[in-house]
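Colleague: A single structure is presented below for examination.
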Amino acid sequence: MVDDAPFVLAGREFHSRLIVGTGKYPSFQVMKEAHEASGAEMVTVAVRRVDLKARGPENLLDHIDPKRLFILPNTAACYTADEAVRTARLGREAGLSHWVKLEVIGDEKTLYPDVEGLLAATRTLVKEGFVVLPYTSDDVVIAKKLEDAGAAAVMPLGAPIGSGLGIQNRVNMQLIREAVRVPVIVDAGVGTASDATIAMELGASGVLMNTAIALAAEPVRMARAMKSAVEAGRDAFLAGRMPRKLYASASSPLDGMIGR
């Protein structure tokens, strides 16, 4: 039996391999219940979409328990490397974290990343002491360059953000996992539990999702399903699937039976 290695990011160990977001929920109460059901220990918060100074029932940060959940600021809605760097600095100065889920968006319609800007921002933030987790395309070459730039993980998209299309290029996900030494976290595109399971079966270290839970008809139930899906996919990856064959193979072979 293969023992599972701990899920470690930048020296910090997490028991859950599921990372969840905080946007699009029908209410803060539903968000809190979904977070609890997911078993996640890390949540992403868009720095540009929260009031970092005000406090009260309408502030997202007052509905996240920092004793239970590690807050991962992200640079959502940043379209240049300079914007993303400034936003990451703002989150750190406000006391959120020196960790950052780095996003540098290159296209408004698909929300695909600008990988050149992403690489530049990664280099700058790493030099400033940030733990950088970059949202990137499913490109092996860029993944290796981000690792070389000091990224603590690489986070390739499975499909466009919020699309729910699932993993569109399984081969690239496997190639990225084999090409880099840092954790690979599938980010964006998950629509339902089977998508999360596939990501983990491909060998991803973790999965980050938001819309798949927040916009489900029953977010709390979907959060529970995603927890189970990630765990099942990880177990299947460690177990090692059977070889694929073109033709049938009897489940109960006759070879070796008495009387033959």
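The values are calculated or read from the model by the stated rules, or taken from the named source; none is laboratory data. Because the structure is a prediction, the values reported are computed rather than measured. Note that each Cβ is placed from the backbone with ideal geometry, even for glycine, and that neighbours are counted across all protein chains shown. The protein model used for the area step is the full one, side chains on, heavy atoms only, and it has no ligands, DNA or RNA in it. Shrake-Rupley method; radii C 1.70, N 1.55, O 1.52, S 1.80 Å.
Matching residues to (1) among the β-branched types (Val, Ile, Thr); (2) over 19 Å from Leu208 (Cα atoms); (3) in contact (Cβ under 8 Å) with a residue 24 or more places away in the chain:
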| site | (1), (2), (3) |
| --- | --- |
| Phe7 | no, no, yes |
| Ala10 | no, no, yes |
| Gly21 | no, no, yes |
| Glu33 | no, no, yes |
| Arg49 | no, no, yes |
| Pro66 | no, no, no |
| Ala94 | no, yes, yes |
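Colleague: Do you know which of the residues in segment 78-111 that are modelled with pLDDT under 95 and within 20 Å of Ile185 (Cα to Cα) is nearest to the chain's Cα centre (by Cα)?
Modeller: Out of the qualifying residues, it is Leu111.
Colleague: Here is a further query. Please count how many residues of segment 175-189 are of a type in the set (A, V, I, L, M, F, W, C), in a strand (DSSP E or B) and touching a residue at least 40 places away in the same chain (Cβ under 8 Å).
Modeller: Of the residues in segment 175-189, 2 are of a type in the set (A, V, I, L, M, F, W, C), in a strand (DSSP E or B) and touching a residue at least 40 places away in the same chain (Cβ under 8 Å).
Colleague: Taking the stated definitions as given, is Ala239 of a type in the set (Gly, Ala, Ser) and more than 27 Å from Val126 (Cβ to Cβ)?
Modeller: Taking the combined requirement at face value, the residue satisfies it.
Colleague: So is Ala225 open to solvent by 10 Å² or more (accessible area, probe 1.4 Å), modelled with pLDDT of 95 or more and either in contact with an Asp or Glu (Cβ under 8 Å, 6 or more places away or on another chain) or closer than 17 Å to Gly39 by Cα (or both) or not?
Modeller: On the way: open to solvent by 10 Å² or more (accessible area, probe 1.4 Å): yes; modelled with pLDDT of 95 or more: yes; either in contact with an Asp or Glu (Cβ under 8 Å, 6 or more places away or on another chain) or closer than 17 Å to Gly39 by Cα (or both): yes.
The answer is yes for Ala225.
Colleague: Residue by residue through segment 11-52, note down the ones that are of a type in the set (A, V, I, L, M) and either in a strand (DSSP E or B) or modelled with pLDDT of 95 or more (or both). Talk me through it step by step, then tell me what you get.
Modeller: Residues of segment 11-52 that are of a type in the set (A, V, I, L, M), as a first pass: 18-20, 30-31, 34, 37, 40, 42-43, 45-47, 50, 52.
Correct list: Leu18, Ile19, Val20, Val30, Met31, Ala34, Ala37, Ala40, Met42, Val43, Val45, Ala46.
Colleague: Of all residues in segment 140-159, count the ones that are farther than 28 Å from Glu13 by Cβ and either under 13 Å from the mean Cα position of the chain (by Cα) or crowded, with 17+ Cβ neighbours inside 10 Å (or both).
Modeller: Initially, segment 140-159 is screened for residues farther than 28 Å from Glu13 by Cβ, giving 141, 159.
Filter again for either under 13 Å from the mean Cα position of the chain (by Cα) or crowded, with 17+ Cβ neighbours inside 10 Å (or both), leaving 159.
Qualifying residue count for the region: 1.
Colleague: Here is a follow-up. Here are the criteria: (1) open to solvent by 80 Å² or more (accessible area, probe 1.4 Å); (2) closer than 11 Å to Arg17 by Cα; (3) without any contact (Cβ under 8 Å) to a residue 40 or more places away in the chain. Tell me which single one Gly233 does not satisfy.
Modeller: All conditions pass for Gly233, except number (1).
Colleague: Ala77 is checked against (1) open to solvent by less than 10 Å² (accessible area, probe 1.4 Å); (2) in contact with a Ser or Thr (Cβ under 9 Å, 6 or more places away or on another chain); (3) outside any strand (DSSP E or B) and fails just one. What number does that condition carry?
Modeller: Exception for Ala77: condition (1).
Colleague: Sticking with this one: When you scan segment 190-222, how many residues do you find that are in a helix (DSSP H, G or I) and in contact with a Gly (Cβ under 6 Å, 6 or more places away or on another chain)? Don't jump to the end; show me each part of the working.
Modeller: Initially, segment 190-222 is screened for residues in a helix (DSSP H, G or I), giving 193-201, 211-214, 219-222.
Subset that is in contact with a Gly (Cβ under 6 Å, 6 or more places away or on another chain): 195, 197, 200-201, 211-212.
So the answer is 6.
Colleague: Further, regarding this structure: Note down all Cβ pairs under 8 Å where the first residue falls in segment 124-136 and is over 15 Å from Cys78 (Cα atoms) and among the aromatic types (Phe, Trp, Tyr), the second is part of a helix (DSSP H, G or I) and open to solvent by 10 Å² or more (accessible area, probe 1.4 Å), and they're at least six residues apart or on different chains.
Modeller: Cβ pairs passing all conditions: Phe130/Arg92.
Colleague: Here is a follow-up. Could you please let me know if Ala121 is open to solvent by 10 Å² or more (accessible area, probe 1.4 Å), among the aliphatic types (A, V, I, L, M), touching an Asp or Glu at 6+ places or on another chain (Cβ under 9 Å) and at pLDDT 95 or above? Steps first, answer last, please.
Modeller: Details: open to solvent by 10 Å² or more (accessible area, probe 1.4 Å): no; among the aliphatic types (A, V, I, L, M): yes; touching an Asp or Glu at 6+ places or on another chain (Cβ under 9 Å): yes; at pLDDT 95 or above: yes.
In short, no.
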